[in-house]
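The values are calculated or read from the model by the stated rules, or taken from the named source; none is laboratory data. Please read these numbers as outputs of a predicted model, since none were measured by experiment. Quick reminder, even Gly has a Cβ in these numbers, built from the backbone with ideal geometry, and neighbours come from all protein chains shown. Just the protein is used for accessible areas: all its heavy atoms, side chains included, with ligands, DNA and RNA removed. Shrake-Rupley method; radii C 1.70, N 1.55, O 1.52, S 1.80 Å.
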Amino acid sequence: MISVATLLKETIKEFIETAESIRSYPKEYSTNLYGKILATLFYEPSTRTRLSFESAMLRLGGKVISTESASQFSSAIKGESLEDTIRVVSSYCDGIVLRHPEVGAAERAKKVCPIPLINAGDGSGEHPTQALLDVYTIWREKGKIEGLHYAIAGDLKYGRTVHSLVQLLSLYPDVRITFISPQELAIPSYLLELMGKRGVEYREMHSMYGGLQEKPDVIYLTRVQTERMTKVSEVPLFGKYELDMLKKDCIIMHPLPRVTELAREVDEDERAVYFRQAENGLWMRAAILYRLLR
Ligand code: NCD
């Protein structure tokens, strides 16, 4: 699972069904990956992605080997190439989850990896498993993915979760997307071209107020990826005032971690689903491991 580009709606549906099934009957799945070993190889910080993958593997009866700061604590610091590391690690396990700061790292790793490889984020490129848990969350909270109006706000240039998510959303009929970001953090043009090709109606806006006036069904917020830029930009903020502009049934999503773009006072509102979204990640990642490693 390197990119969402090749995923079909039918496959997404199967992932969602498997995630729901594992969540409902965890005992029945608790030995499915018995005897299998997953390696989590993270060259960038992570809380949710790595720990939810590891927890999912354990819940399915498998085992985990892990390096959480691979840029310092693997042989990368001695100058070993990613390809060499992948060749070696793949001989120790049955699947690899890789997070790396360079766009295209997962694609490079795939070329030398004889076992299932999961991209857990390649720089500002993609984050396919996050996109799957995001659509799973939308499906759980709204009962459907098609026919909804999505507002996607924040750092749309470097935010890899957005890059994967919009590709998945564009597979569904009658989806509308309003992108909200400062000009310098706008959504990349290759994604706008894809929206155009798939007939998705979209708009780009620069203020949260303007975007929320469009009355979206889902607002998806993201933080500024400060680690990927030299001059840090500000993104539109979301707080109490913005909350009051939302429709009664609009859900508020965020891949987390949040910094200052999403005020703590929003947490208590019943439309805030981001902590449930993070929890859904566990079950979606269990579904991904179940389908890839069995
Ligand atoms: C995201 C990531 O790493 O891209 N986090 C995550 O996996 N939930 C979002 C981010 O870091 O802003």
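Would you pick out the residues in segment 81-107 that are of a type outside the set (A, V, I, L, M) and either open to solvent by 70 Å² or more (accessible area, probe 1.4 Å) or assigned to a helix (DSSP H, G or I) (or both)?
Taking segment 81-107 as the starting set, the residues that turn out to be of a type outside the set (A, V, I, L, M) are 81, 83-85, 87, 90-95, 99-102, 104, 107.
Residues satisfying the conditions are Glu83, Asp84, Thr85, Arg87, Ser91, Tyr92, Glu102, Glu107.
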Can you find a residue in segment 160-168 that is open to solvent by 10 Å² or more (accessible area, probe 1.4 Å) and away from the ligand (no atom under 12 Å from the Cβ)? yes
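Would you mind finding the one in Val218, Val200, Val232 that is touching a helix residue (DSSP H, G or I) at 6+ places or on another chain (Cβ under 8 Å), β-branched (Val, Ile, Thr) and touching a residue at least 60 places away in the same chain (Cβ under 8 Å)?
Selected residue: Val218, the only one of Val218, Val200, Val232 that is touching a helix residue (DSSP H, G or I) at 6+ places or on another chain (Cβ under 8 Å), β-branched (Val, Ile, Thr) and touching a residue at least 60 places away in the same chain (Cβ under 8 Å).
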If you scan segment 112-126, which residues turn out to be among the aliphatic types (A, V, I, L, M) and open to solvent by less than 20 Å² (accessible area, probe 1.4 Å)? Leu117, Ile118, Ala120
What are the residues in segment 187-222 that are in contact with a Lys or Arg (Cβ under 6 Å, 6 or more places away or on another chain) and part of a loop (DSSP other than H, G, I, E, B), if any? Lys215
Exactly one condition in (1) modelled with pLDDT of 95 or more; (2) more than 22 Å from Asn280 (Cα to Cα); (3) under 21 Å from the mean Cα position of the chain (by Cα); (4) open to solvent by less than 50 Å² (accessible area, probe 1.4 Å) is false for Arg50; which is it? (2)
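Yes/no per residue for (1) surrounded by fewer than 19 Cβ atoms within 10 Å (Cβ to Cβ); (2) of a type in the set (Asp, Glu):
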{"residue": "Lys248", "(1), (2)": "yes, no"}
{"residue": "Ile251", "(1), (2)": "no, no"}
{"residue": "His254", "(1), (2)": "no, no"}
{"residue": "Val266", "(1), (2)": "no, no"}
{"residue": "Arg271", "(1), (2)": "yes, no"}
{"residue": "Glu279", "(1), (2)": "yes, yes"}
{"residue": "Leu282", "(1), (2)": "no, no"}
{"residue": "Leu289", "(1), (2)": "no, no"}
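I'd like the full set of residues that are aliphatic (A, V, I, L, M), touching a strand residue (DSSP E or B) at 6+ places or on another chain (Cβ under 8 Å) and either part of a helix (DSSP H, G or I) or without any contact (Cβ under 8 Å) to a residue 12 or more places away in the chain (or both), limited to segment 1-57.
Listed by number, the list holds a single entry, Met57.
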